[in-house]
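Q: Starting off with a structure, shown below.
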Amino acid sequence: MAAAWRLLVGRNFTKSPLIFLANETRSSFLCRLTASKYCTASLEKSNVTDGQIENSRTWAERLQDPEEIENLPKWMTTNRHKRRLYARYGKASGFQPGIMWPTKTELAEMIEEEKENHPTLQQMQANIAAKRKAEEIEQIKKEKFIAACMARMPILEKKWTEAREKKKQQQMQQKRKRELLLLEAKEKFGYAIDPRHPKFQKYMEEIEKQERKRKKELKKKGIVL
């Protein structure tokens with residue numbers, strides 16, 4: 001296992017090879033950890049005998065033959081399958097140990113994926129600082145808004161109190177006016193009349209018509225009630 005690890009980290013690579021291994025299946029990962037054993041072991045210790053090597057071509061030779069490739073599934077020609085073959089058969093597979101290392105394209109993809117999904121410590125610290133600063137700015141805005149509302153509170157309370165008193169006085173005036181009209185209607189008709197009676201409604205219309213006429217005359221004289 002130690003030899004397999006040295007095989008993985010022996011080259012100049014600033015990122016962890018475990019990122020590449022994480023994309024493989026569990027079985028492939030275990031095979032890769034034992035790859036160096038098959039690299040240094042003799043053919044007798046591998047699963048392929050000398051007779052089989054002499055009477056058949058290696059996997060590397062087969063996967064380099066265009067005619068052979070046409071008869072094989074596409075997944076068998078991928079680097080992932082070649083690495084599994086090397087992990088299983090070692091150098092008897094015909095592949096070089098370098099097949100276990102990611103290609104330049106794969107390496108570039110892993111580095112780009114790491115930058116996107118695994119930010120550095122400095123980037124995470126910068127993101128946290130930016131988030132905290134934004135929260136502080138938002139908190140200051142809320143506090144200023146609350147302070148402004150509290151400063152306006154006495155004025156708003158005074159206006160609300162005045163409006164409530166004004167409405168209360170208007171209701172009292174309307175009530176007194178209605179009571180006076182009922183008394184006048186009682187004197188006119190000689191009996192207490194129901195406010196919902198058509199006679200009282202007609203009487204109210206006459207009183208309102210006279211009131212509008214009186215206000216109009218006063219307005220002409222320059223007197224505004």
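The values are calculated or read from the model by the stated rules, or taken from the named source; none is laboratory data. Computed from a prediction, not measured in an experiment: that's the story for all the values here. Positions of Cβ are generated from backbone atoms using ideal geometry, with glycine treated the same way; all protein chains shown enter the neighbour counts. All accessible areas refer to the heavy atoms of the entire protein, side chains included, with ligands and DNA or RNA removed. Shrake-Rupley method; radii C 1.70, N 1.55, O 1.52, S 1.80 Å.
Q: Would you mind getting me the FRET efficiency between A192 and L156? Use the beta-carbon distance for r and R0 = 45 Å, nearest 0.05.
A: So the FRET efficiency works out to roughly 0.50.
Q: In the stretch 131-221, what trypsin sites (Lys or Arg not before Pro) fall in a loop by DSSP, with at most 16 other Cβ atoms inside 10 Å?
A: Passing sites in the stretch 131-221 are R196, K221.
Q: So if R0 is 30 Å, what FRET efficiency would E184 and I223 give, r being the distance between their Cβ atoms, rounded to the nearest 0.05?
A: Step by step, r from the Cβ atoms, then E = 0.80.
Q: Ignoring ligands, DNA and RNA, what percent of the accessible area of the stretch 151-207 is carbon or sulfur (1.4 Å)? Walk me through the intermediate numbers first.
A: On the way: 2850 of 5180 Å².
Within the stretch 151-207, the accessible surface is 55 percent carbon and sulfur.
Q: Full-extension gain between K177 and K131, please, as 0.36 nm times their residue separation minus the C-alpha to C-alpha distance.
A: Net length gain for the segment: 10.0 nm.
Q: Still on this structure, please answer the following. For the stretch 75-225, what is the convex hull (Cα atoms) projected area averaged across all directions, in square nanometres? Present the calculation step by step, with values, prior to reporting the outcome.
A: Working: hull surface 109.0 nm².
Taking the Cα atoms of the stretch 75-225, their convex hull projects to 27.2 nm² on average.
Q: Right, here's the next one. Can you spot the lysines whose alpha carbon is less than 20 Å from K142's alpha carbon? Ignore those fewer than 8 places along the same chain.
A: Within the straight-line cut-off, K142 pairs with K131, K133.
Q: Kindly provide the chymotrypsin sites (Phe, Trp or Tyr not before Pro) of the stretch 112-202 that DSSP labels as loop, not H, G, I, E or B, and whose Cβ sees at most 13 other Cβ atoms within 10 Å.
A: Passing both the DSSP loop test and the Cβ count: Y191.
Q: Using a probe radius of 1.4 Å on heavy atoms only, what accessible surface per residue do you get for the stretch 72-137? Whole Å² is fine.
A: With the other protein chains kept in place, the stretch 72-137 gives 70 Å² per residue.
Q: Here is a further query. Based on the alpha-carbon set only, what is the convex hull volume of the stretch 181-225 divided per residue, in Å³?
A: Spread over its residues, the Cα hull of the stretch 181-225 gives 71 Å³ apiece.
Q: Can you return the lysines within cross-link range of K221? Criterion is Cα-Cα under 23 Å, with same-chain partners fewer than 8 residues away left out.
A: Filter leaves K209, K213.
Q: Summarise the accessible area of the stretch 86-132 (1.4 Å probe, protein heavy atoms) by the percent that is carbon and sulfur.
A: For the stretch 86-132, the apolar C and S fraction of the accessible surface comes to 53 percent.
Q: Compute log10 of I(q)/I(0) for the stretch 73-144 with the Debye formula, placing one identical point scatterer on every Cα and leaving out solvent, at q = 0.20 Å⁻¹, to two decimals.
A: Ignoring solvent entirely, the Cα scatterers give -0.90.
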